[in-house]
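Beneath this line is the structure, given in structure tokens, with notes to follow.
The values are calculated or read from the model by the stated rules, or taken from the named source; none is laboratory data. Note that the structure is predicted; figures quoted are calculated from it, not measured. All Cβ positions, even for glycine, are placed from backbone atoms using ideal geometry, and neighbour counts span all protein chains on display. Accessible surface areas use protein heavy atoms only, side chains included; no ligands, DNA or RNA. Shrake-Rupley method; radii C 1.70, N 1.55, O 1.52, S 1.80 Å.
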Amino acid sequence: MVYAGLVFAGLAALLHVYIFVMESLTWTSARTRATFGISEEEAQATKELAFNQGFYNLFLAIVTVAGILIGKEHHAVGLALMFAGTGSMLAAAVVLLVSSPDKARAAITQGTLPLIAIVLMAVGVAM
């Protein structure tokens with residue numbers, strides 16, 4: 001179960017790197033604006049905010065990947081980092097869902113992989 005959790009944690013990290021790219025690097029592009037459902041004017045007005053937010057997503061991915069890599073040698077430290085990274089991803093998705101119910105699809109997309117990773121790792125550790 002833990003190995004399956006690692007796979008989902010890795011997928012969650014990849015998704016959050018992709019979110020970083022959209023928010024921090026391509027925020028004003030037509031494709032990213034369409035993904036987030038915002039106009040060119042809204043993208044320009046929120047560019048700095050999105051840039052910063054994108055880095056939060058990147059840092060969560062880095063913590064998760066660090067946990068995966070460190071976990072090979074130091075299991076407890078690796079699991080702690082993976083739970084911290086994926087748990088923060090899931091918490092951010094819950095905050096998005098609660099604060100902006102109209103963005104439920106984005107919240108579910110953002111939170112599903114971390115949730116699966118957390119459940120699988122928790123079950124695997126408990127066994």
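Calculate, for the chain, the solvent-accessible area per residue in square angstrom, rolling a 1.4 angstrom probe over the heavy atoms of the protein chains.
59 Å²
Could you identify which residue out of Ala45, Ala104, Ala84 has the top mean-square fluctuation in a GNM of the chain using Cα springs shorter than 10 Å?
Per the Cα network of the chain with a 10 Å cutoff, Ala45 tops the list.
By accessible area of protein heavy atoms, probe 1.4 Å, what ranking do Glu42, Glu73 get, highest first?
Working: Glu42 90, Glu73 145 Å².
Most to least solvent-accessible, the answer reads Glu73, Glu42.
Would you check the accessible area of Ile38, probe 1.4 Å, heavy atoms only, in square angstrom rounded to 10?
Surface open to solvent at Ile38 totals about 40 Å².
Helix-only mean residue ellipticity at 222 nm, the chain, DSSP H runs n ≥ 4 weighted -39,500 (n - 2.57), per residue, nearest 500. What is it?
-27500 deg cm²/dmol
State log₁₀ I(q)/I(0) for segment 62-124 at q = 0.14, 0.15, 0.22 Å⁻¹ as given by the Debye formula over alpha-carbon point scatterers of equal weight, solvent excluded.
Debye intensities relative to I(0), on a log10 scale: -0.42, -0.47, -0.81.
Looking at the chain, do any whole DSSP H helices span at least 30 angstrom along their long axis by alpha carbon and average 0.0 or above on Kyte-Doolittle, and which?
Correct list, ordered by number: 47-70, 75-99, 104-126.
Could you tally the net charge around Thr26, taking each other residue with its Cβ under 12 Å from the Cβ of Thr26, Lys/Arg +1 and Asp/Glu -1?
The answer is +2.
When the chain is treated as a GNM, springs tying every alpha-carbon pair under 10 Å, which of Gly37, Gly87, Gly111 comes out with the largest mean-square fluctuation?
Residue with maximal mean-square fluctuation among Gly37, Gly87, Gly111: Gly37.
If each Cα of the chain is one equal point scatterer, what is log10 of I(q)/I(0) from the Debye formula at q = 0.15 Å⁻¹?
-0.68
Relative contact order of the chain: what whole-number percent is it, with Cα pairs under 8 angstrom and at least 6 residues apart?
Relative contact order, the chain: 35 percent.
Rounded to a whole number, what % of the accessible area of the chain do carbon and sulfur atoms account for, probe 1.4 Å?
Working: 5320 of 7520 Å².
Carbon and sulfur: 71 percent of the exposed surface of the chain.
Could you give the dipole magnitude of the chain about its Cα centre, charging the beta-carbon of Lys and Arg +1 and that of Asp and Glu -1, in debye to the nearest 20?
With only Lys, Arg, Asp and Glu charged at Cβ, the dipole is about 260 debye.
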